Each structure stands twice: as C-alpha cells, then as structure tokens.
Amino acid sequence: MIRVGIVGATGYAGGELVRILMGHKEVEIKWYGSRSYIDKEYAAVYQNMFQIVDDICKDDNLKEMAKLVDVIFTATPQGFLAGLLDEEILSQVKVIDLSADFRIKDVATYEKWYGIEHKAPQFIEEAVYGLCEINREKIKEARLIANPGCYPTCSFLSIYPLAKAGVIDMSTVIIDAKSGTSGAGRGAKVNNLYCEVNENIKAYGVASHRHTPEIEEQLGYASGEEVVLNFTPHLVPMNRGILITAYATLKKKADGTSYNKEEIRAFYEEAYKDERFVRFLPEGSCPETKWVEGSNYVDVNVVVDERTNRVIMMGAMDNLVKGAAGQAVQNMNIMCGLPEDTGLQLVPMFP
C-alpha cells in the first residue's frame with residue numbers, strides 16, 4: 001500500500017483528493033492535514049465522508065508526516081510548500097504540490113505574478129511539471145511534482161497539438177476561459193457569494209491573471225519559441241468545470257497553400273491517440289463541461305475557419321479533478337509505477 005498524507009485536506013482540491021483516494025485500491029490515507037480544523041473529525045467538515053472516513057484532522061507538520069508516509073500532497077496556498085520544503089523532507093518522501101510554487105522555472109516571473117518571495121528556489125529546477133501527457137517519462141523519476149494549474153491544463157491540452165506541429169502563429173493566440181466557482185477555493189470571499197455569482201458571468205484578472213505565465217511557458221516549450229498571449233478568465237455560476245475557447249491564425253504550408261480541416265484534425269488524432277484521459281471529439285461536437293464533470297477526462301476539439309484563416313481550439317474538463325486532484329493522483333500513479341488510471345476510472349456524472 002502507498003501511504004499518503006494530505007496537507008490542505010479540507011479545501012475543495014484536498015476534499016477531492018480524499019474522495020478519489022478513498023476509491024484507490026493501492027492507497028491508505030494516513031494524515032488529513034488542515035490548519036483550520038485541527039482535532040476536528042474529518043467527516044464533520046465534509047459530511048459526505050460520514051462512516052467513510054473516521055480520522056481527525058491534524059496539523060501541517062511536514063517533517064513529522066514525512067516519517068509516516070510515502071507521498072505527500074500539498075493542496076495549499078502559494079508560498080506554503082516553498083516556505084517549508086527542505087532536503088530532509090525530499091530525501092524521505094515524494095511530494096506532489098498543487099500550488100504554483102514550483103511550476104514556473106523563472107523565480108523573478110513567479111515573484112512578479114504572485115507577489116511573494118520564493119523561499120525555496122533551489123528546488124525549482126528539479127521539480128517536474130506534472131502534465132502527465134507531456135512529461136510522463138520525467139514524472140517516473142521525480143521526487144517533486146509541480147501539479148499544473150486548472151486553467152493551464154485545459155488551455156495547454158486544447159492548443160498543444162498545433163503548437164507542437166508549428167502550424168499556428170503563436171503571437172496570435174487568444175484564450176477565452178470560463179470556470180465554475182470552486183476554482184476560487186473554499187475561503188469566504190464576497191465576490192463568490194451566491195448573490196454575487198448567481199445569474200451572472202464576469203471576466204476577472206483581465207491581462208493580469210497569474211496563470212498567464214504558466215500557460216506561456218508551457219506552450220513555449222511545445223512550440224520551441226517564446227510565447228506571449230492574451231488569457232482572459234470568466235467566472236460562471238456553476239460548481240465545477242472549465243471551458244476553454246482559444247483562437248490563433250494558421251500559418252501557410254511550405255508550398256503556400258492553407259491547411260484544411262482534415263490535416264488539422266490529424267495533428268490532434270496523432271497527439272492523443274494513446275492518451276487515456278484526453279478525448280478528441282468527433283467533428284462537429286463541441287466540448288461541454290457537463291460531459292466531463294466528476295471525471296479525469298479532458299474533451300477537446302478543433303474547428304478551422306477558412307473564411308478568416310483562423311483555428312478555434314476548444315477544451316472542457318472538471319477543474320477539481322483533471323484540473324487538480326485527479327491529475328495529482330495520475331502523477332502519483334506514474335511516480336509509483338502503477339497503471340496510470342488506477343483509482344481514476346471515474347465515469348463523468350450526469351445530470
């Protein structure tokens with residue numbers, strides 16, 4: 001059995017980790033960490049776990065936890081793990097961090113966009129960006145995983161096949177993103193109150209959202225060039241789900257002709273033909289959040305607009321599963337030599 005500790009077990013992503021891992025046949029959760037609910041029964045915080053989880057919440061003592069478990073998940077705010085991580089911990093246990101502390105390779109970029117000092121820059125180079133479909137081989141050997149953000153995961157997987165193929169002008173990429181309210185976390189915030197969110201949709205973080213450099217960095221690796229793009233997220237009145245609609249101008253082929261839809265679709269078919277959790281939809285079918293809810297799937301599709309010589313790339317996923325906890329478990333499976341879908345054979349919920 002893989003012994004697991006979770007820091008931040010009472011947040012939305014942490015709660016989703018518990019839900020998924022309770023159905024994982026190779027895992028035993030040894031530590032439910034929550035600074036806000038120390039000594040409180042976990043099932044009293046999340047009553048869906050009544051008579052399922054009998055443990056109490058403990059503190060967030062990483063050094064003590066590292067002596068008892070094989071893998072630590074940190075579903076915590078930015079800066080938490082970087083402020084505590086050291087070689088002693090990493091020498092004892094594998095760490096999968098759901099925050100942004102080790103996602104961005106340039107310290108100055110991280111500090112600019114997140115507004116905090118990075119306390120453990122010595123581990124940034126070692127950390128593997130845990131996008132399983134792209135970095136699977138690196139993940140196998142890693143001891144520190146930077147679990148990707150929810151918006152970056154869906155954005156990247158929607159655009160990746162064409163970025164890698166070099167058939168779109170990366171300077172023209174625009175990403176329109178929409179997310180349910182759970183993406184903002186479980187903390188009390190006026191902007192997330194029912195009366196603020198219900199019957200409303202709004203843009204936020206316009207030209208300033210902190211996931212922007214993460215998306216740019218990863219698409220830069222895929223395309224082999226520096227990427228600067230527009231990313232605009234929107235808050236929509238639903239619990240879960242992310243929908244990405246991205247746009248870019250198509251390049252011409254070497255002979256001066258344009259790519260047709262069959263050629264563009266072929267790039268997606270090749271990129272995702274062996275991927276368990278990326279579903280490339282049939283022509284004419286647009287991704288919808290309701291068809292991925294509660295699952296680790298990402299549904300993607302692409303449309304070529306011959307009139308404007310632009311391509312529309314679309315993706316939908318559950319922000320708490322593939323966008324957080326599910327991807328973290330997928331990373332754990334790869335790190336521990338298990339079949340990648342162990343514990344993640346979650347059929348999307350509907351309605």
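If you scan region 115-144, which residues turn out to be out of contact with any Leu (no Cβ under 9 Å at 6 or more places or on another chain) and among the charged types (D, E, K, R)?
Selection gives GLU117, GLU125, ARG136, GLU137, LYS138, LYS140, GLU141.
Would you pick out the residues in region 271-282 that are surrounded by 14 or more Cβ atoms within 10 Å (Cβ to Cβ) and out of contact with any helix residue (DSSP H, G or I) (no Cβ under 7 Å at 6 or more places or on another chain)?
Listed by number, the residues that qualify are TYR272, ARG276, ARG279, LEU281.
Taking the criterion of being touching a helix residue (DSSP H, G or I) at 6+ places or on another chain (Cβ under 8 Å), outside any helix (DSSP H, G or I) and closer than 25 Å to ALA248 by Cα, would at least one residue in region 136-151 satisfy it?
For region 136-151, residues touching a helix residue (DSSP H, G or I) at 6+ places or on another chain (Cβ under 8 Å), outside any helix (DSSP H, G or I) and closer than 25 Å to ALA248 by Cα: present.
Restricting attention to region 160-178, does a residue exist that is of a type in the set (Asp, Glu) and either buried (at least 19 other Cβ atoms within 10 Å of the Cβ) or within 18 Å of the chain's Cα centre (by Cα) (or both)?
Yes.
Identify, from the list ARG143, ARG103, the residue that is outside the structural domain of ALA163 (by TED's automatic domain parsing), under 30 Å from ARG276 (Cα atoms), touching a Pro at 6+ places or on another chain (Cβ under 7 Å) and among the charged types (D, E, K, R).
ARG103
In region 63-104, which residues are assigned to a loop (DSSP other than H, G, I, E, B), buried (at least 16 other Cβ atoms within 10 Å of the Cβ) and basic (Lys, Arg)?
ARG103
For the condition of a type outside the set (Lys, Arg), within 20 Å of ASN296 (Cβ to Cβ), at pLDDT 95 or above and surrounded by fewer than 20 Cβ atoms within 10 Å (Cβ to Cβ), what is the one hit in ILE124, ILE134?
Among ILE124, ILE134, only ILE134 is of a type outside the set (Lys, Arg), within 20 Å of ASN296 (Cβ to Cβ), at pLDDT 95 or above and surrounded by fewer than 20 Cβ atoms within 10 Å (Cβ to Cβ).
Within region 45-62, is even one residue in a loop (DSSP other than H, G, I, E, B), in contact with a Leu (Cβ under 9 Å, 6 or more places away or on another chain) and under 27 Å from HIS211 (Cβ atoms)?
Within region 45-62 (the criterion being in a loop (DSSP other than H, G, I, E, B), in contact with a Leu (Cβ under 9 Å, 6 or more places away or on another chain) and under 27 Å from HIS211 (Cβ atoms)), the answer is yes, since at least one residue qualifies.
Considering VAL278, VAL303, VAL236, which residue is more than 18 Å from the chain's Cα centre (by Cα) and either within 22 Å of MET170 (Cβ to Cβ) or not aliphatic (A, V, I, L, M) (or both)?
Just one listed residue meets the conditions, VAL303.
Out of all the residues in region 196-218, which are in contact (Cβ under 8 Å) with a residue 12 or more places away in the chain, surrounded by fewer than 15 Cβ atoms within 10 Å (Cβ to Cβ) and assigned to a loop (DSSP other than H, G, I, E, B)?
ASN198, GLU199, ASN200, ILE201, TYR204, VAL206, ALA207
Using beta carbons and a limit of 6 Å, which pairs, at least six apart or on different chains, have the first residue in region 14-38 and closer than 15 Å to ARG3 by Cβ and the second one among the charged types (D, E, K, R) and in a loop (DSSP other than H, G, I, E, B)?
So the pair list comes out as TYR32/ASP55; GLY33/ASP60.
List, please: which pairs have Cβ atoms under 9 Å, are six or more places apart or on different chains, and start with a residue in region 219-230 that is assigned by TED's automatic domain parsing to the domain that holds SER158 and end with one that is surrounded by fewer than 12 Cβ atoms within 10 Å (Cβ to Cβ) and modelled with pLDDT of 95 or more?
From region 219-230, the pairs are GLY220/GLU226; ASN230/ALA207.
Among the listed residues TYR268, TYR247, TYR259, identify the single one that is assigned to a helix (DSSP H, G or I) and surrounded by 13 or more Cβ atoms within 10 Å (Cβ to Cβ).
From the options TYR268, TYR247, TYR259, the qualifying one is TYR268.
Give the number of residues within region 303-337 that are in contact with a Pro (Cβ under 8 Å, 6 or more places away or on another chain), surrounded by fewer than 24 Cβ atoms within 10 Å (Cβ to Cβ) and either assigned to a loop (DSSP other than H, G, I, E, B) or touching a residue at least 40 places away in the same chain (Cβ under 8 Å) (or both).
Number satisfying all stated conditions: 1.
Among the residues of region 287-294, are any in a helix (DSSP H, G or I), touching a strand residue (DSSP E or B) at 6+ places or on another chain (Cβ under 9 Å) and surrounded by 21 or more Cβ atoms within 10 Å (Cβ to Cβ)?
The answer is yes, given that some residue of region 287-294 is in a helix (DSSP H, G or I), touching a strand residue (DSSP E or B) at 6+ places or on another chain (Cβ under 9 Å) and surrounded by 21 or more Cβ atoms within 10 Å (Cβ to Cβ).
The values are calculated or read from the model by the stated rules, or taken from the named source; none is laboratory data. This structure is a prediction, so every number in the text was calculated from the model and none was measured. All Cβ positions, glycine included, derive from the backbone under ideal geometry; neighbour counts span all protein chains shown.
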